[in-house]
1. Distance check, please: which entries in Lys75/Lys115; Lys49/Lys76; Lys17/Lys76 exceed 29 angstrom between their Cα atoms?
2. Rounded to the nearest 0.05, what FRET efficiency is calculated for Ile54 and Lys128 with R0 set to 22 Å and r the Cβ-Cβ distance?
3. If the label point is 7 Å along Cα→Cβ of Lys75, which residues in the range 22-56 have backbone nitrogen under 14 Å from it?
4. Which value, to two decimals, describes the C-alpha radius of gyration of the range 29-128 once divided by 2.2 N^0.38 Å?
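What follows is calculated from the coordinates using simple rules that are stated; it is not laboratory data. Being a predicted model, the structure only gives us computed values, none of them experimental. Please note: Cβ atoms are built from the backbone with ideal geometry, for glycine as well, and neighbour counts cover all protein chains shown.
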Amino acid sequence: MEPFAYICIKIKVMEVKAKFKVVYSKEADDFLNHLPSKIKDKIIYNIAKAKFVIDPELFKKLDDTDIWEFRTFYKKVKYRLLAFWDKDNGADTLVIATHGFIKKTQKTPPKETAKAEEIRKAYFNSKK
């Protein structure tokens with residue numbers, strides 16, 4: 001009988017926790033629900049992925065504002081959901097998705113950023 005060599009490999013199981021939770025405003029929810037299911041699924045998948053990885057192709061801060069954008073590029077169309085950060089009572093980090101739109105220009109339209117800022121302001125005023 002030939003001797004066997006056993007190789008022991010320690011496997012460390014790591015639980016990866018999402019960096020934040022996402023809460024959808026009514027406007028964001030309406031935007032998603034009016035999209036074809038394949039596009040909606042792709043956007044939801046990208047948002048879920050953005051919770052675990054730092055990737056500006058998926059989630060990026062807009063210049064000169066407190067607004068961020070979830071980014072999805074699907075079949076040559078750019079879909080955006082704008083969002084902002086908060087903490088809930090349990091100290092979990094929340095990202096509140098304000099609304100969505102189809103991006104047709106290189107820059108995010110100022111009216112979309114302004115709309116997200118208005119929703120953000122109303123959100124924080126309602127918490128007082």
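1. Check vs 29 Å cut-off fails for Lys17/Lys76.
2. Approximately 0.10, to the nearest 0.05.
3. Once the point is set 7 Å along Cα→Cβ of Lys75, 35-43 turn out to lie under 14 Å by backbone N, inside the range 22-56.
4. Against the empirical 2.2 N^0.38 Å value, I get 1.07 for the range 29-128.
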